[in-house]
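A.B. asks: If you scroll down you'll find the structure; I have some questions about it.
The values are calculated or read from the model by the stated rules, or taken from the named source; none is laboratory data. Everything quoted here is computed from the prediction, not taken from an experiment. As a convention, Cβ positions derive from the backbone with ideal geometry for all residues, glycine included, and neighbour counts pool all protein chains shown.
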Amino acid sequence: MAEYFAHPTAVIDQGCTIGSGTKVWHFCHLMPGCVIGNNCILGQNVMVAPGVRLGNNVKVQNNVSLYSGVVCEDDVFIGPSAVFTNVINPRSHVNRKEEFKQTIVGKGASIGANATIVCGVNIGQYAFVGAGAVVTKDVLPYSLVKGNPARHAGWYSENGHKLTFDNKNIAVCPETGQKYKLEKNNLKKL
């Protein structure tokens, strides 16, 4: 008996690794060599390509394609219809499979609906990518980015609250009481 749930319409190719407690919903396609962690949720119509790695407790909403080169650490959230790329200069008539670039989404990061993530970037831990943003460069940990191209627009706590800083550049998460300090455009947990 499987330790994960797969809807009958899901296609799971041989050679996938799927962790315990994971749910794979309607019309998903998991390709050989992908690795899905424990307690993940893959919404309707999600495609996971060979070599993609998802950590534990990753939530991928409907209509997302995760192409070769995408790595998501634990606790990542990917909103509906978010887009990942894996080649900088694709052409139909040119095979560029040897040029796939890796994209790393750090622990606890959230990517909003319809965001586009250009390959080769790193999205830092607990970062927020706003809905519809086009990410063309690395995103700092705890940073909110939005727009096209995506630009820094604030800082967020690990629990997803906008941080407001005092005159000593200290902020407190209103939910957890966790303190953060902003130094030289880097946010650190105290």
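A.B. asks: Residues in region 109-166 that are more than 27 Å from Asn89 (Cβ to Cβ) and among the acidic types (Asp, Glu): how many?
C.D. replies: Selection size over region 109-166: 2.
A.B. asks: Can you say whether Lys23 is charged (D, E, K, R), on the phi < 0 side of the Ramachandran plot and touching a Gly at 6+ places or on another chain (Cβ under 8 Å), as far as the supplied structure shows?
C.D. replies: no
A.B. asks: Filter region 82-107 down to residues that are among the aromatic types (Phe, Trp, Tyr) and in contact with a strand residue (DSSP E or B) (Cβ under 6 Å, 6 or more places away or on another chain), then give me how many there are.
C.D. replies: Number satisfying all stated conditions: 1.
A.B. asks: Take region 102-127 and flag every residue that is touching a residue at least 40 places away in the same chain (Cβ under 8 Å) and not in a strand (DSSP E or B).
C.D. replies: Scanning region 102-127 gives Lys107, Gly108, Ala113, Cys119, Gln125.
A.B. asks: In the list Gly51, Gly15, Gly21, Gly33, which residue meets the criterion of being part of a loop (DSSP other than H, G, I, E, B), buried (at least 18 other Cβ atoms within 10 Å of the Cβ) and out of contact with any strand residue (DSSP E or B) (no Cβ under 8 Å at 6 or more places or on another chain)?
C.D. replies: Among Gly51, Gly15, Gly21, Gly33, only Gly51 is part of a loop (DSSP other than H, G, I, E, B), buried (at least 18 other Cβ atoms within 10 Å of the Cβ) and out of contact with any strand residue (DSSP E or B) (no Cβ under 8 Å at 6 or more places or on another chain).
A.B. asks: I need a count of the residues in region 3-12 that are in contact with a His (Cβ under 6 Å, 6 or more places away or on another chain) and either surrounded by 17 or more Cβ atoms within 10 Å (Cβ to Cβ) or not in a loop (DSSP other than H, G, I, E, B) (or both).
C.D. replies: Within region 3-12, residues that are in contact with a His (Cβ under 6 Å, 6 or more places away or on another chain) and either surrounded by 17 or more Cβ atoms within 10 Å (Cβ to Cβ) or not in a loop (DSSP other than H, G, I, E, B) (or both) number 1.
A.B. asks: Let me ask something else about it. I'd like the residue in region 73-129 that is among the hydroxyl-bearing types (Ser, Thr, Tyr) and at pLDDT 95 or above and, out of all such residues, is surrounded by the fewest Cβ atoms within 10 Å (Cβ to Cβ).
C.D. replies: If we take residues in region 73-129 being among the hydroxyl-bearing types (Ser, Thr, Tyr) and at pLDDT 95 or above, then Ser81 is surrounded by the fewest Cβ atoms within 10 Å (Cβ to Cβ).
A.B. asks: Being closer than 20 Å to Cys16 by Cβ and not hydroxyl-bearing (Ser, Thr, Tyr) narrows it down to one of Asn56, Asn95, so name that one.
C.D. replies: Criteria check complete, one pass: Asn56.
A.B. asks: Could you tell me whether region 128-150 includes any residue that is touching a Leu at 6+ places or on another chain (Cβ under 6 Å), touching a residue at least 40 places away in the same chain (Cβ under 8 Å) and of a type outside the set (Gly, Ala, Ser)?
C.D. replies: Yes, region 128-150 contains at least one residue that is touching a Leu at 6+ places or on another chain (Cβ under 6 Å), touching a residue at least 40 places away in the same chain (Cβ under 8 Å) and of a type outside the set (Gly, Ala, Ser).
A.B. asks: If you check Asn56, Asn63, Asn38, which single one turns out to be in a loop (DSSP other than H, G, I, E, B), within 26 Å of Val134 (Cα to Cα) and without any contact (Cβ under 8 Å) to a residue 24 or more places away in the chain?
C.D. replies: Every option except Asn63 fails the conditions.
A.B. asks: Now a separate question. Of everything in region 71-99, what is within 18 Å of Tyr126 (Cβ to Cβ) and of a type outside the set (Asp, Glu)? Give them in sequence order.
C.D. replies: Val71, Cys72, Val76, Phe77, Ile78, Gly79, Ala82
A.B. asks: Which one of Asn39, Asn57, Asn63, Asn45 is over 12 Å from the mean Cα position of the chain (by Cα) and under 23 Å from Gln125 (Cβ atoms)?
C.D. replies: Going through Asn39, Asn57, Asn63, Asn45 in turn, the sole match is Asn39.
A.B. asks: Could you pull out the residue among Gly177, Gly132, Gly120 that is on the phi > 0 side of the Ramachandran plot and more than 15 Å from the chain's Cα centre (by Cα)?
C.D. replies: The match here is Gly177.
A.B. asks: Of the conditions (1) free of Cβ contacts under 8 Å to residues at least 40 places away in the same chain; (2) part of a strand (DSSP E or B); (3) hydrophobic (A, V, I, L, M, F, W, C), Leu187 clears all except one; give me its number.
C.D. replies: (1)
A.B. asks: Name every residue in region 147-165 that is under 10 Å from Tyr126 (Cα atoms) and not in a loop (DSSP other than H, G, I, E, B), in order of residue number.
C.D. replies: Hits for region 147-165 are Trp155, Tyr156.
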